[in-house]
Amino acid sequence: MKKILWAIKMKSLLLLVLISICWADHHSDNYTLDHDRVIHIQAENGPRLLVEAEQARVFSHRGGNVTLPCKFYRDPTAFGSGMHKIRIKWTKLTSDYLKEVDVFVSMGYHKKTYGGYQGRVFLKGGSDNDASLVITDLTLEDYGRYKCEVIEGLEDDTAVVALDLQGVVFPYFPRLGRYNLNFHEAQQACLDQDAVIASFDQLYDAWRGGLDWCNAGWLSDGSVQYPITKPREPCGGQNTVPGVRNYGFWDKEKSRYDVFCFTSNFNGRFYYLIHPTKLTYDEAVQACLSDGAQIAKVGQIFAAWKLLGYDRCDAGWLADGSVRYPISRPRRRCSPTEAAVRFVGFPDKKHKLYGVYCFRAYN
């Protein structure tokens, strides 16, 4: 505590400036000292409140709980300290950094929660100076950067904490084919597949993990980019370096690209339905319903493959009308070169050629 108070004082007070001015008058041939003048200058006191996050980044997963750390420290020797109620405000920062989304506000016994956070957030309250926020039942939309602001009278300070979710980034395009989604359609396409549109940081992490995809897709900040780990002629040139290629920002209404989606752990069971015959799309939907489940979504097959190591060498229908199969153990005739979710295509829904992947949610 003494070290913290010392840090506050060092941060908030200007050092005492000592200026000595000495001069002498010249009388005939001799220099005599007239007098010494000492001036003390002290600047107005600065902030006496310090807000800190013990961790700049915390990790969790969809459906889990997390604590965003934040503590504040006051100088009890400062004038006015303790006279005002402490106000704690949590907001979520947006990708353009110009807007903030209100999450939670607390002042004394008065507390207010906003939007989709209602019923899911509260202050940890581990000590009198603890402003940490607990978020329960995490959703995909909870990913991002949060600001903790503490206000006492005219004093205030802030700290920022990033919330990362365990998950997987996957490229997506609809039945219409590649480069057919404007930004808003891209957002909806991800939501329809149990996912959200990915951020640049999520795509960058996926690229570092080996994601290589030669088609540009929307990201949550409105930019269009794509990850390349193996440079080649059709993908920016063979002599270029690996990286995340950036097309820049495009018209969200008129420009059309694919999209990169992000999903995380799910609360349910993903499985390939054992059925005596191959199925049309409509038969596949009904078969899952008859088994007490629903036809699985693209985000669910990627989450099962990446996070659970699901492996099945049988092509099956998914909710969007595509046919895919997940391979986590590459082998002959089953994605021999790499672990991946293999894409067969968007076949005619009347073709009786495939099985089906189902998803049963846990209550």
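The values are calculated or read from the model by the stated rules, or taken from the named source; none is laboratory data. None of the values given here were measured: they were computed from a predicted structure. For neighbour counting, all protein chains shown are included, and Cβ atoms are generated from backbone atoms with ideal geometry for every residue, glycine included.
The table below gives the values:
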quantity	calculated
Residue within the range 314-326 that is more than 24 Å from Arg178 (Cβ to Cβ) and touching a residue at least 24 places away in the same chain (Cβ under 8 Å) present	yes
Some residue of the range 312-329 being modelled with pLDDT under 95 and in contact with a Lys or Arg (Cβ under 8 Å, 6 or more places away or on another chain)	no
Residue tally, condition modelled with pLDDT under 90 and either under 17 Å from the mean Cα position of the chain (by Cα) or not charged (D, E, K, R) (or both), over the range 50-76	1
Residues (among the polar types (S, T, N, Q) and part of a loop (DSSP other than H, G, I, E, B)) located in the range 247-279	Ser255, Asn265, Asn267, Thr277
Residues of the range 288-304 satisfying the condition of being more than 21 Å from the chain's Cα centre (by Cα) and either in a helix (DSSP H, G or I) or surrounded by fewer than 24 Cβ atoms within 10 Å (Cβ to Cβ) (or both)	Cys288, Leu289, Ser290, Asp291, Gly292, Ala293, Gln294, Ile295, Lys297, Ile301
Those residues of the range 142-178 which are among the aliphatic types (A, V, I, L, M) and more than 16 Å from the chain's Cα centre (by Cα), in sequence order	Val150, Ile151, Leu154, Ala159, Leu176
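Conditions (1) part of a strand (DSSP E or B); (2) surrounded by 15 or more Cβ atoms within 10 Å (Cβ to Cβ); (3) touching a Ser or Thr at 6+ places or on another chain (Cβ under 8 Å); (4) among the acidic types (Asp, Glu), marked per residue:
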site	(1), (2), (3), (4)
Arg87	yes, yes, yes, no
Ser95	no, yes, yes, no
Asp102	yes, no, yes, yes
Ser106	yes, yes, no, no
Gly116	no, no, yes, no
Ser127	no, no, no, no
Asp137	no, no, no, yes
Arg145	yes, yes, no, no
Asp157	yes, yes, no, yes
